[in-house]
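Notes for the one structure printed next.
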Amino acid sequence: MSKTTQIIERCLALYEDLDFTAARQWKDAEQGRHVIGFLPIYIPRELIHAAGMLPLGIYGGGDQMEVIQGDAFYQSYICRIPRSTMELSLTGRLDFVDGMLFPSICDVIRNLSGVWKLTQPDTYVRYVDVPQNYDKDIGGKFYIQEMRELMEGLEGISGRKITDEALLESIKLYNINRDLLRELYRLRAVVPWNIPVSEVYLLMRAGQVLPVEEHNEMLEEYLQAVSAVDKPRRDNVKVVLNGMFCEQPPLNLIRSIELAGCYVVDDDFILVNRWLRENVLETGDPLQNLSDAFLEHSTRTSATYEPCEELKGSQLLEAVRKSGAEGVIFAAPSFCDPALLEKPMLEDVLNKNGIPNVSFKYAENTGQMQPIREQAGTFADSIKLWS
Amino acid sequence: MTTDNNTKAPVNLAKDVQKDHSQLMQKEMIRGNYKKLAEAVDDPDKKVVYTFVPGNLNELIQCFDVVGNYPEINALQSAMQKKTGAYIMEAERHGQDEDVCTYVKSDLGMMRKGNVGPSGDKIADPDLLLLSYTGCFTFMKWFEALRHEYKCDTTMLHVPYQGDGIITSNMRDYVVKQLKEDIIPALERTSGVKFDIDRLRENMRHSAKAEDKLVRVLQTAKNKPSPIDSYFGGIYYVGPSFSSFRGTPECTAYYDALWDEVNARVKAGQGPVTPEGVMQKERYRLVVEGPPNYTHMREFWKMFYDEGAVVVASSYTKVGGVYENGFRHDPDNPLESLADYCLGCYTNLNLPARTEMLENYINDYEADGLLINSIKSCNSFSAGQLLMMNEIEKRTGKPAAFVETDLVDPRYFSSSNVKNRLESYFQMIEQKRNSSAA
């Protein structure tokens, strides 16, 4: 078995393990360890790490878990991630988690923080607001204080103060993580036939359950091993995926897109890993640095406000140009207000720039891949024939 | 046309509507505002600001002599005129997804069909979009979508969510700074009028008076029988306060007139005025969570008053401000007070706070139970409502029920389903009463 296969098999096992055994083992390995769960889209994980805790990304139940109790909490017209996340909770799969963070992303995840408060009154629960105002003196000050309050909450759980030194050390480790992931994405855009989208996805997911140190080692090993891989290049088109930043598509859906003739050369999976597009300063005031990085280098998604109309869709255009993509596939979860409301504006920007695009919806438990394969395949053919 | 219990003359739901004097007053106020919006089409000196109801800054907007336009109000007014179905389909034809908020689609569809408002006149394009991002994520995307079409100036006020059920000084400072640094300068640029804080204070004095009166009106529902319906009637009562009129003398005058009417009914021991006259016998007192359906408003309301059901308190009448706990716009601290107003709107409260509020309503207004009208396209309200319902049943011992409709999409109002559920619910209340009495 090749090294890359070994690594990806480990990632797959982590991905499929809805009991979060790796995180449980990490917690049990030493007394006094704590695990803090968080939902998409962005959390400054450095704060959790600096508190000596494990940040654990919760991305719903995927297509492997039957949702029974969670469905009783949500109407049919609400997306699937909150109900499967509730199922994880109600079936005891998150019983080792010491706190839950609900980032500012949409009304559903926002309200899930309240559902958690009502159903898990003994757990530390925090809605993590981030500024939509990117002025340093306005949004920056607000964000720094929000991070301070979050730190106080974490300190209350761990019983240990988060020092500036510890936080700067955590920033360094996450900067390494960001560097490695940037390299992975850069390489994938150059030789997508050697780095399938499913492998990138699984590597990204592994970072949600492993300590950052271990994830960094894994990424280094993968990057080293994959440089020796030489798979045949298929007659696929290069595409960017957009809209998958919260409720995750089933792995088979991701594979299907590639099998249908599309090399994915950029995407918005597991954005917490790549939210900050540049590294955080490693000296000085760590909270100020985290805030500055957020204000200046955040990924622009449908969960954020774009103050400048001329810049609407500019990051997507940049992703297309930088990766050499020939088209964009919008794939959004059903009932995802942010992604679905953003899509017409982005489509318009792409159309004005002559970039082919197509869209479909999915749920985390979508089982029928044939329609998606046909749609992606037709899209690829149309690019090859007419673009 | 429907026949009422075979005992009364047939009722034409579209025409035979009884209205209070205050309701007619409000109609004139709204008509006047639409007239201003229409006049602004051909008058470049008249500046138009679009903004949202929750967290609206009407006192501030009024300081700049601009005309306010509320897309939500347009949507719900259009829904009552049965226009939104076509608007929504128009927006869907232009790429909006079937899953997303129908308020947004109604607005975009109306714009694409010429931006002719509910009054029948064209509404002027915006000179400024004042995006007050309060309690609803969709607002942000809504005004981005409008900006994408109009290419006009936009200013955004980010109001943090009360995740822990409290307003912190950090939240308040953040909002105040945005008001000073972004919102007021944007309004000055658009209008050419310099900001005058004394004018703001004066507007806020008017607001506080109106808010006192609004609270007094809503609390008359504690009487038995309740002289008002706090949901179907309530949407009229909150209208001036939630929109272009709060902070104006005419708004205060409206509440004076409303108070006189309601107080007269209290003294006479009368129930609320429905479209078919004063409701005769109060049989069920309900608390309602969630917005109403506007496309079939009259039909929906009739399902209640025909059964003697009156809504004594509702959360929807708090989306544009929660005043019952003492908050008033404060002329002595104008910007901080505006911040607290925005931060305190109902959908900006966390679920535990919303649940507690509804629980208190059931107790304070001696209600028979809770009804949730869950809106298909409003995640801000709807996500978490099933848990809220169970919690309130558990805490109060009063029965709760759940119906599903939409605000402005006629495709999501199933009359027979809603009616069946309501009838079952009323039976449930009867059974509960009988078992309690036994």
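The values are calculated or read from the model by the stated rules, or taken from the named source; none is laboratory data. What you see is a predicted model; the values in this text were computed from it and never measured. As a convention, Cβ positions derive from the backbone with ideal geometry for all residues, glycine included, and neighbour counts pool all protein chains shown. SASA here: full protein model, heavy atoms, side chains in, ligands and nucleic acids out. Shrake-Rupley method; radii C 1.70, N 1.55, O 1.52, S 1.80 Å.
Listing for the model above:
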| read-out | value |
| --- | --- |
| Among the residues listed as B:MET171, B:MET156, the single one being open to solvent by 10 Å² or more (accessible area, probe 1.4 Å), not in a helix (DSSP H, G or I) and not β-branched (Val, Ile, Thr) | B:MET156 |
| Qualifying residue in region B:134-147 (condition: at pLDDT below 95, within 14 Å of chain A (Cβ to nearest Cβ), part of a strand (DSSP E or B) and surrounded by 23 or more Cβ atoms within 10 Å (Cβ to Cβ)) | no |
| Residue identified as modelled with pLDDT of 95 or more and touching a Ser or Thr at 6+ places or on another chain (Cβ under 9 Å) among B:VAL41, B:VAL66, B:VAL11 | B:VAL66 |
| Unmet requirement for A:PRO103, which otherwise passes all of (1) free of Cβ contacts under 8 Å to residues at least 60 places away in the same chain; (2) within 11 Å of chain B (Cβ to nearest Cβ) | (1) |
| Members of region A:331-340 found to be facing chain B (nearest Cβ under 10 Å) and part of a strand (DSSP E or B), listed by number | A:ALA332, A:PRO333 |
| Residue within region A:201-217 that is touching a Lys or Arg at 6+ places or on another chain (Cβ under 8 Å) and more than 21 Å from A:GLN375 (Cα to Cα) present | yes |
| Selection within region B:348-362 - of a type in the set (S, T, N, Q) and either open to solvent by 10 Å² or more (accessible area, probe 1.4 Å) or more than 13 Å from chain A (Cβ to nearest Cβ) (or both) | B:ASN360 |
| Matching option when the condition is of a type in the set (Ser, Thr, Tyr), under 27 Å from A:GLU347 (Cα atoms) and facing chain A (nearest Cβ under 9 Å), among B:THR154, B:THR168 | B:THR154 |
| Residue list for region B:373-413, filter: open to solvent by less than 10 Å² (accessible area, probe 1.4 Å) and assigned to a helix (DSSP H, G or I) | B:SER380, B:PHE381, B:SER382, B:GLN385, B:MET388, B:ILE392 |
| Tally, over region A:105-128, of residues that are surrounded by 23 or more Cβ atoms within 10 Å (Cβ to Cβ) and among the polar types (S, T, N, Q) | 2 |
| Residues being under 20 Å from A:ARG110 (Cβ atoms) and in contact with a Ser or Thr (Cβ under 8 Å, 6 or more places away or on another chain) - total across region A:48-58 | 1 |
| Listing of helices (runs of 4 or more DSSP H) fully contained in region A:138-222 that carry 1 or more residues being out of contact with any Ser or Thr (no Cβ under 7 Å at 6 or more places or on another chain), more than 26 Å from A:LEU18 (Cβ to Cβ) and open to solvent by 20 Å² or more (accessible area, probe 1.4 Å) | A:141-158, A:164-190 |
| Filtered residues of region A:5-49 (kept if basic (Lys, Arg) and crowded, with 24+ Cβ neighbours inside 10 Å) | A:ARG45 |
| Residue check, A:ALA325 buried (at least 22 other Cβ atoms within 10 Å of the Cβ), touching a residue at least 24 places away in the same chain (Cβ under 8 Å), away from chain B (no Cβ under 14 Å) and more than 22 Å from the chain's Cα centre (by Cα) | no |
| Residues located in region B:363-391, provided they are within 14 Å of chain A (Cβ to nearest Cβ) and under 11 Å from B:VAL287 (Cα atoms) | B:ILE372, B:ASN373 |
| Within region A:375-387, tally of residues that are open to solvent by 40 Å² or more (accessible area, probe 1.4 Å) and small (Gly, Ala, Ser) | 1 |
| Conditions (1) over 30 Å from B:THR155 (Cα atoms); (2) out of contact with any helix residue (DSSP H, G or I) (no Cβ under 7 Å at 6 or more places or on another chain); number of the one not met by B:ASP196 | (1) |
| Residue match in region A:278-285 (condition: out of contact with any Gly (no Cβ under 9 Å at 6 or more places or on another chain), among the charged types (D, E, K, R), away from every other protein chain (no Cβ under 14 Å) and within 28 Å of A:ALA331 (Cβ to Cβ)) | yes |
| Counted residues, region B:73-106 - those being open to solvent by 10 Å² or more (accessible area, probe 1.4 Å), part of a helix (DSSP H, G or I) and of a type outside the set (A, V, I, L, M, F, W, C) | 7 |
| Residue in region B:313-333 that is of a type outside the set (S, T, N, Q), without any contact (Cβ under 8 Å) to a residue 40 or more places away in the chain, part of a helix (DSSP H, G or I) and buried (at least 19 other Cβ atoms within 10 Å of the Cβ) present | yes |
| Exclusive hit being under 23 Å from A:PRO333 (Cα atoms), more than 9 Å from chain B (Cβ to nearest Cβ) and surrounded by fewer than 19 Cβ atoms within 10 Å (Cβ to Cβ), set A:ILE68, A:ILE58, A:ILE81 | A:ILE68 |
| Neighbours by Cβ (under 6 Å, 6+ apart or cross-chain): first from region A:294-308, under 18 Å from B:LEU157 (Cα atoms) and within 14 Å of another protein chain (Cβ to nearest Cβ); second of a type in the set (A, V, I, L, M, F, W, C) and not in a helix (DSSP H, G or I) | A:ALA303/A:ILE41; A:ALA303/A:ILE105; A:TYR305/B:MET156 |
| Subset of region A:341-374 that is away from chain B (no Cβ under 12 Å), in contact (Cβ under 8 Å) with a residue 60 or more places away in the chain and in a helix (DSSP H, G or I) - its residue that is surrounded by the fewest Cβ atoms within 10 Å (Cβ to Cβ) | A:GLU374 |
| Residue tally, condition within 13 Å of chain B (Cβ to nearest Cβ) and in contact with a Gly (Cβ under 9 Å, 6 or more places away or on another chain), over region A:140-155 | 1 |
| Among (1) of a type outside the set (Ser, Thr, Tyr); (2) in a helix (DSSP H, G or I); (3) under 23 Å from the mean Cα position of the chain (by Cα); (4) facing chain A (nearest Cβ under 10 Å), the one test that B:LEU131 misses | (2) |
